[in-house]
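Below you'll find the structure, written out as structure tokens, and then a few comments.
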Amino acid sequence: MDQGYINARVRGMYRTLLGPDALRNLILVPDLDAMISELQKTPYREELETSCVRRSSVVCIEDALRRHLARVYSKILAMFDDQRESREARYVRIFLNRWDVHNLKTILRGKSIRSSPEEIREALVPAGTLDEATLVELLKQNDVRQVIDLLATWNIDYAKALTPNIDEWSRSGQLLVLEHALDRYYFQYARDAVRGRQPEAFALQELVGTEIDVTNLKTVITFIRDGIDLEDGERFLLEGGGELTTEVLSGMVSDGNLGKAGERLEGTRFISLRPLLTEAQNSGRFSPVMKELDWHLIRAGASLFRRDPLSITVVIGFLYRFLIEVTNIRIIARCRDAGLSDEELEAELIHV
Amino acid sequence: MALRDIKPTRSELINLKRRIQLSERGYKILKMKRDGLILEFFKVLGQAKDSQNALNAAYARAEEMMAVANTVEGAIGVKSAAFSVKEVPQIGVKQKNIMGVVVPEIQGSSVTKPLVDRGYGVLGTSSTIDETASAFEDLVEQIIRSAEIETTMKRLLEEIEKTKRRVNALEFKVIPEQAEARDFIKMRLDEMEREELFRLKRIKARSQA
């Protein structure tokens, strides 16, 4: 595999990302129609033309972003078509698998409440390894069990996570069981895929470790917020975090207080969250600390773009940077739609 | 009651007096009921004002949280989480009695759910979605509370109107008409008594002459 060639192509794609000036222009536009006109001067034009035929304003922008995201990710995945089992392809799949997990969860949720396939389809992002045709076939199934059966019939890896849990799901009726199995599978796959002693493997081990830490911290904060006991919640904690062991996390849950739990982050890179945790404990608003955690992960991912110019980290870094761009455009559109001020909008944007 | 339809007899007078007594007693009781209902109404009105303010606040917060969730998670994330809501809130209606007025007592179940019962996975779902779900649960609870209070208020108002109409009818129509009829019978009976006396005197005078 010619990683240099792929990296060159990805760098070319990186150049098409919207720079700070283009984003500033989007922020300055007076309304959503002007924002659509502005976006039509960018690589989003094609998707906007398709989406705006059927939808209007903010829905059109979101739909176009979803389509563009899927197109760019499919393009990246297609670069590895001739080397599907290579280490690099596996690394890319770690990132794209999260869209598969999102899509599968959405399909399972939709099927469990008997939503129409069209309705479920609108909430899917075919940006993962499961292509649109596969998702459409899954949508045609009548219920949750048939979806899992089809995954097993087609030998799709996610069936390995879902099939052993069907009985428990049937007994409890809680979809949480299947969703949790999918999440665990995703993280287990990521941990297995980044094993190795190559420099890029180390970089990705660090990223996966950070993602697990961030997910665990979010879970711990949720448990403390909702007063969930450690006994009930321990099964939701993931192993393999970069810095936070299960003992530290369990200790945080046992503390039952975010201010106190923050003390246990001493000596880790998450210590900067301590004031936010204390503030969340006092105000009862937890989303700022969760947002900070998300940003922490996104920044860690995006920083990979400049880490090693010859390795796969360029591609992974680009995937994160592209996600940031799409998220920022969505934030601008939604803030404009909700009539938020420029300061509020600025606070929501993700800066790298 | 037209005076010409009244039979000016003693028994009718006795009946009429009884009816007047009954009407006056009924009038007093209905007046007390009306006053009691008005007091209750003002109590409920105070609650309704608070509940309306709380409902407006809950609605504004839910809308705000939805806007934030759409911004942070996108419509796709919000929609995906919404698919996991399997159990819809159930509403149970009982009855209670306020001064003879039957008012509803609305109880909602499965409105506020703990995190693990919301249906979506704990991992990978953002706090914004949780906060939005909580805000909408609060809104539904507030709607149920407001519905109970406002229905109670409407029923009390209807009953006050009804009682007021009855009180007015007794005070300005039934009792005055009955009193007029009583006076009329009394007058007719007195007249008849005088005629009888006069007749007796004439007969006596004739027989003596």
MRE, 222 nm, helices only [DSSP H, n ≥ 4, -39500 (n - 2.57), over chain B, to nearest 500]: -26000 deg cm²/dmol
Area accessible to solvent at B:LYS28, 1.4 Å probe radius, in Å²: 140 Å²
Which of A:GLU348, B:GLU87 is most accessible, then next, and so on - probe 1.4 Å: B:GLU87, A:GLU348
Cα gyration tensor shape for segment A:84-326, rounded if a/c is under 1.5, else prolate or oblate: oblate
Point-to-point label distance, A:ALA152-B:ALA57, nm (Cα→Cβ direction, 7 Å offset): 5.2 nm
Summed side-chain charge close to A:ALA300 - residues other than A:ALA300 whose Cβ falls under 13 Å, Lys, Arg +1, Asp, Glu -1: -1
Sum of -39500 (n - 2.57) over DSSP H runs of 4+, divided by residues of chain A (222 nm, nearest 500): -22000 deg cm²/dmol
Segment B:25-87: C-alpha pair distances exceeding 14 Å, %: 74 percent
Per-residue SASA entry for A:ASP63, accessible area with 1.4 Å probe, Å² rounded to 10: 10 Å²
Global form of segment A:1-71, assessed from the alpha-carbon gyration tensor, a/c cut-off 1.5: oblate
Share of Cα-Cα pairs in the protein assembly as shown lying beyond 46 Å, as whole percent: 34 percent
Cα centroid separation, segment B:1-53 to segment A:116-186 (Å): 69 Å
Segment B:10-208, accessible area per residue, ligands and nucleic acids excluded (1.4 Å, Å²): 59 Å²
Residues with amide H under 5 Å from that of B:GLY108, placed H, sequence gap 5 or more: B:GLY92
A versus B: buried accessible surface, summed, Å² (probe 1.4 Å, to nearest 100): 3000 Å²
Accessible-area ranking of B:ASP130, A:ASP21, largest first, probe 1.4 Å: A:ASP21, B:ASP130
Alpha carbon convex hull of segment B:10-208, volume per residue in cubic angstrom: 127 Å³
Three-way shape label, segment B:109-209, alpha-carbon gyration tensor, a/c 1.5: prolate
Solvent-accessible area of B:LYS17 with every protein chain in place, 1.4 Å probe, in Å² to the nearest 10: 100 Å²
Whole-Hz ³J(HN,Hα) from phi, Karplus 6.51 cos²θ - 1.76 cosθ + 1.60, for segment B:18-35, glycine and proline x: 4, 5, 5, 4, 4, 4, 5, 5, x, 4, 5, 5, 5, 5, 5, 5, 4, 5
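The values are calculated or read from the model by the stated rules, or taken from the named source; none is laboratory data. All values reported here derive from a predicted model rather than from experimental measurement. Here the Cβ is made from the backbone with ideal geometry for all residues, glycine too, and neighbour counts use every protein chain on show. Just so you know, the surface numbers come from the protein's heavy atoms only, side chains and all, with ligands and any DNA or RNA stripped out. Shrake-Rupley method; radii C 1.70, N 1.55, O 1.52, S 1.80 Å.
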